[in-house]
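Before any comments, here is the structure.
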Amino acid sequence: MYRIGEVAAQAQVSKRTIDYYTNLGLLIACRSEANYRLYPEDTLERLRFIESLKRRKFSLEEIKEQMAGWQAGGIKREAVEVVQHVQEIQGDMRRLEERVQELKMYLKTMDEKQARLVARQLSVQSGSLLQTLMLLLGDAPF
């Protein structure tokens, strides 16, 4: 069991945030004999899950529904990790898409000979990846 300050420090959120989530019923706390709020072991995982849903633009009502599934046992701990990995991949894809857009501007200024030289310098995998991304974005100069 963790006290609120310990949870806040480990989760890198404020005590006020933890209070808010507790009042909404998203986190569960019990009271010690000294009237301290104590949070169970899975609180950090719950907070990570809540934060991942917030980043995905879930409303508080939708987060409550997801947390109800967590409490009912419908959401496994592994699901939190899967959601986080998917979000990381989505972020990587957005960054790659931005980079491809930048590269497209440069490639458009090159003549065909320069573009082929650049393509030859790329590894087979990165060249294929770049071509695939550019095809997905609707513009492939190679």
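Every read-out reported here was derived from the displayed coordinates using simple, explicitly stated rules and does not represent laboratory data. A quick note: this is a predicted structure, and the numbers were derived from the prediction, not measured.
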### Length gained when the stretch Val86-Ser126 is fully extended (0.36 nm per residue, less Cα-Cα span)
12.2 nm
### Task
Once you have the Cα-Cα distance between Arg95 and Cys30, take 0.36 nm times their residue separation minus that, and quote the gain in nm to one decimal.
19.2 nm
